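The values are calculated or read from the model by the stated rules, or taken from the named source; none is laboratory data. As the structure is a computational prediction, the values presented were derived from the model and not from experiment. FYI the Cβ positions are ideal-geometry reconstructions off the backbone, even for glycines, and counts take in every protein chain you see.
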């Protein structure tokens, strides 16, 4: 008798309020799943193969989830969304001002924030519209990584000790010397600060990079705890 009673309770028609709550829960799960899937695809297949930065990978995922939940649960209130995004901006400035964030990482950060805001919005958008918006986001990011932003020229800052070769008439000798020392095909060289007392100069060397990988160390202008010529 108890079993039949339990089955009857499970099969009884849901009240309008319970039906509404069930539908809202399904919408939340579907929207969250779509957002997490898109963010993971972009991070794992577009950002990480070139960047290889697990710290940013971790940051992108968690920040996207946090923003999605914040936007969705606020149910589209413009004032609340504006205030919350303002707080995220303040905390973002406080967090990221302590170190130089590469432009690629910063671009992905804002891109994923935009995706999470779109997916978290509950006003005037159904699931199909969100799906189409995500397809557009994903297609643009893939196209940019595959074609427009494909890295073919690398850049290194070099502290150079042979200032006799920095004159314009000896540019070919300078390239040959750098290619022998660095083991890369030099495309062009820019001469920076010159110290004639120590026979040192700072060079920005552009070279052919076939690895298609981002190397943040290339943009270091000096060694740790080291000034340009000391």
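General observations
- So residue 194, is it closer than 16 Å to residue 208 by Cβ and at pLDDT 90 or above: no
- Which numbered condition residue 152 misses (of (1) within 30 Å of residue 47 (Cβ to Cβ); (2) exposed (fewer than 14 other Cβ atoms within 10 Å of the Cβ); (3) over 20 Å from the mean Cα position of the chain (by Cα); (4) touching a residue at least 24 places away in the same chain (Cβ under 8 Å)): (3)
- A single entry from 138, 128 fulfils the requirement of being modelled with pLDDT under 90 and not in a loop (DSSP other than H, G, I, E, B): 128.
- So residue 79, is it more than 11 Å from the chain's Cα centre (by Cα), at pLDDT 65 or above, assigned by TED's automatic domain parsing to the domain that holds residue 136 and more than 19 Å from residue 140 (Cβ to Cβ): no
- Options 68, 20; residue that is surrounded by 10 or more Cβ atoms within 10 Å (Cβ to Cβ), under 24 Å from residue 137 (Cβ atoms) and either in contact with a helix residue (DSSP H, G or I) (Cβ under 7 Å, 6 or more places away or on another chain) or at pLDDT below 60 (or both): 68
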